[in-house]
Amino acid sequence: MPDLTWDDRVAWLLDPADGGYLPDVYVADTTVADWQAVLDLFQEQGWAFEYSEGDTVLPLPRAATVLSRPADAECPTLRVWPEPEICAIFRFLSDAEIDFDVDLRELQGQERLDVLCGFLAAIGRRLGRSVPMYFEGDTREPFLGYDVGADRVLVR
């Protein structure tokens, strides 16, 4: 049974025309070890990914290497595809927070919603914490996310 069902409520929440199409996902109070655990998860799952610094694609370094770059260095990005047509974009802004975006235009319908739920749950289970999703640019209240206590993705 899926965590969420593609119904009127979920379809509305994930409508790219409402509230922006790149919702923000944040896992707060993290460490370099948490970042590394997530990077290891991606490799273990066999998900396609691409690490880049500016326009240069590079091999994926260890989290400690990326997060210890000079303050004035360009922020690297990591694109992860849990499925070929669904991409999450991670930015290494701080070791204290894992943040990424997903594109709602890629998440329409039950099959793609199931991929999103599985992706959020895999990260949450690996870290042992909730993975909330916020409307683009609005971090007051999450609208959806993996809840570690319920061990599933819920609408907030």
Order the following by accessible area, largest value first: Ser68, Ser52. Probe radius 1.4 Å; ligands, DNA and RNA are ignored. Ser68, Ser52
Roughly to the nearest percent, how much of the accessible area of the chain is carbon and sulfur, given a 1.4 Å probe? 48 percent
Helix 110-127 versus the longest principal axis of the chain: what angle, 0 to 90°, nearest 10, using Cα atoms? 50 degrees
Mind listing the long-range amide H neighbours of Val153? Cut-off is under 5 Å, sequence gap 5 or more, other chains count too, H placed in the peptide plane at 1.01 Å from N. Asp147
Apply the Karplus curve 6.51 cos²θ - 1.76 cosθ + 1.60, θ = phi - 60°, to the phi angles in the stretch 45-62 and return the couplings in whole Hz, x for Gly and Pro. 6, x, 6, 5, 8, 9, 9, 9, 10, x, 8, 9, 7, 10, x, 5, x, 5
Averaged per residue, the 1.4 Å probe accessible area of the stretch 66-141, protein heavy atoms only, in Å², is roughly 48 Å²
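The values are calculated or read from the model by the stated rules, or taken from the named source; none is laboratory data. Here the structure is a predicted model, which means the values were calculated and not measured. Note: areas computed on protein heavy atoms with side chains; ligands, DNA, RNA excluded. Shrake-Rupley method; radii C 1.70, N 1.55, O 1.52, S 1.80 Å.
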